[in-house]
Every structure is written in C-alpha cells, then in structure tokens.
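Okay, so here's the structure we're looking at.
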Amino acid sequence: MDGPEQVRARLEETGYLVDDGLAIACFLALRLSRPLFCEGDAGVGKTALASALAEALDAPLIRLQCHEGIDASQALYDWDFPRQLLHLRAAEAAGVTDADKLEGELYDRRFLVARPLLRALQTQPSVLLVDEIDRADDEFEAFLLELLSEFSVTIPELGTLRAETPPVVVLTSNRTREVHDALKRRCLYHWFDHPDFARELAIVRRRLPRVSARLAEQVTALVQRLRGHDLLKPPGVAETIDWAEALDALGASEVDAELAVATLGSVLKYREDAERARGLDFAAVLAARGA
C-alpha cells in the first residue's frame, strides 16, 4: 500500500473504520515490517484490527491466544509423538536396526507440528495476531521478543527456519499488567481509546446496516453515558454492537428506558455494573437524543 490513506481505504472496505493515527501506524507497520503493539481496554477493536488487516491484504489470519503458563511448545512447535511412535514400531517390525537412521527419521519435518508462531513464519503472506500478550508470563514475553527480532526460529533437530517474508504482526494488550519496555521498543505503538459518539455511531452503522438509524443512535448515546459511570468494566464498541444487535433481534426500531434496563445483560457483564447502571436516568439520556 502506497500510503496511510490507501491503508485507511482498504480497511474501511472491510468495514473497519480508522482514524489518522491508526492509519499511519498500520502503514508504517507494513512498510517497515515492524510489529504493531495495540493497547487499550477490552472491546475497543484491537483484535478486530488484525482481522481487518488480514482481509485487506488477502492473507490468512494466524492467531495465538495468550494465557498464563503458555510456553514454546504451545506457541511455536511440537513433535507428533503418536505418529513418531507408530513410525518406530513399523520400523522395528520391518527389521530396521540402524539407530542413527531411525532417529533421523523420527525428527523429520513430517512429524513436526507447527503451532501459530511457526505457521506464521512459514506462511507468506500472513497476519499474525498475538492476542492478550499481557496474560502471558515474563518468560514467554522474552521468548517472543527473540523471535520477533529475527523472524526466525532454531529447531535443534532441523536447524534454523527463517521467514522469507516477515508476517504482519499485531500484538494486543488489555493492560492487565505492564508489558516490558524491551518488547514495546521493537514495536510500533498505538493506544486504542473509546471512540467519540460520531465515530462509534459510524462503526455501529457500518457493522449493522440492517439496524434502524434511530436505534443505532440511541444505543450509542446510552453506551457513551454508561462509560461515564464508575463501572468495573466499561462497555467497549463490541458491546455497543452486541446491544444494538440484541435490540434489533427483539424487533425494536428504537429503545425506551424500560427496554434498555431489561436488556442490560447484552452490554454489561458484571452484576455490580448492572446495579449501578439501573441508577442511570435512561429516559433523560434518550430525551436528550430527541426520543
């Protein structure tokens, strides 16, 4: 892509709306082959960006979902032990006695199980999503740092495997803990904030074109007001879309205060948040939108 405006246009064709800062960050990530580190609250579009980039580039999306205790065998590669064992038994039955030859056959690439990181190195082009890196531990973060520096991996039995074309890498963090500076230094950085009313409404309208314009406007206004409360988990854009979709499924073309309260489970996922939200004057918010 020739510039940020073309990146913006291609992403918007997929239904993903970006501002100037994100368009520039994506363009630089593509042009410089640098990972893009996306940080922000859950539900603000970080993971969706990777999906949109994959669609815009016509490349497969390879996702690594991080979690506590994740290690290299889950993220990079492993050996297919059942198939190796079957091969060993078949060789023994055939009378193979050359131990060195048999060992070499056991660690052939046909028995290698490529996990997401290795698949991304071997697939050109590809978009690699390392989702919620903040959930992994320090050791895995250090391992990932080394891999992203060279886009290569050394497998003792096979040697060094290097990506001919580095994958487009998107890392996301919900900031449940601070990610080390060493990893951030190797990435371009973008902070995902909750969008303003106009942008959020545009996103909802783009994602849910069948929903009435009136309903989309009202739901967006309600979510914007909910974020101003002291909630355990403020709703993201994903929840705004979920709420509008749920109301549309109920046959609503607009929402009133009673229906808004009755469907809070579509947008708030903590009992304490739902209780606080019931104290909000939904009728007044809707009236301000011309209800």
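The values are calculated or read from the model by the stated rules, or taken from the named source; none is laboratory data. Given the structure is predicted, the values throughout are model-derived calculations rather than measurements. Glycine also receives a Cβ, built like all others from the backbone with ideal geometry; neighbour counts cover every protein chain displayed. Calculation scope for accessible area: heavy atoms of the full protein, side chains included, ligands and nucleic acids excluded. Shrake-Rupley method; radii C 1.70, N 1.55, O 1.52, S 1.80 Å.
List of remarks:
- Top of 166, 82, 234 by mean-square fluctuation, Gaussian network on the chain, Cα under 10 Å: 82
- From phi via Karplus (6.51, -1.76, 1.60), per-residue ³J(HN,Hα) for the stretch 154-164 in Hz, x at Gly/Pro: 9, 9, x, 7, 10, x, 8, 10, 10, 6, 5
- Sites residue 176 and residue 73 - FRET efficiency at Förster radius 35 Å, r taken between beta-carbons, to 0.05: 0.90
- Surface exposure of the stretch 78-123, expressed per residue as accessible area with a 1.4 Å probe, stands at 63 Å².
- Residue-by-residue Karplus 3J(HN,Hα) for the stretch 214-223, coefficients 6.51, -1.76, 1.60, Hz, glycine and proline x: 5, 5, 4, 5, 5, 4, 4, 5, 5, 5
- If you sort 180, 229 by accessible surface, 1.4 Å probe, largest first, the order is 180, 229.
- Placing dummy labels 7 Å off each Cα toward the beta-carbon, the span from residue 96 to residue 289 is 6.7 nm.
- Computed over protein heavy atoms with a 1.4 Å probe, the accessible surface of the stretch 134-246 works out to 48 Å² per residue.
- Using θ = phi - 60° in the Karplus curve 6.51 cos²θ - 1.76 cosθ + 1.60, the 3J(HN,Hα) couplings for the stretch 237-252 round to 4, 4, 6, 4, 5, 4, 5, 4, 5, 5, 5, 5, 5, 7, x, 7 Hz; x is entered for Gly and Pro.
- If you sort the three axes of the alpha carbon gyration tensor as a ≥ b ≥ c, you get a/c under 1.5 for the stretch 193-291, which makes it rounded.
- Residues whose placed amide H lies under 5 Å from that of residue 113, excluding near-sequence neighbours: 78, 79, 80
- Sequence of 217, 258 when ordered by accessible area, the most exposed leading, probe 1.4 angstrom: 258, 217
- Where Cα atoms sit under 25 Å apart: lysine pairs in the chain separated by 8 or more or lying on different chains: 4
- Fluctuation leader among 91, 29, 244 - the chain, Gaussian network, Cα springs under 10 angstrom: 91
- Pairwise FRET efficiency - residue 259 versus residue 33, Cβ, R0 = 35 Å, nearest 0.05: 0.10
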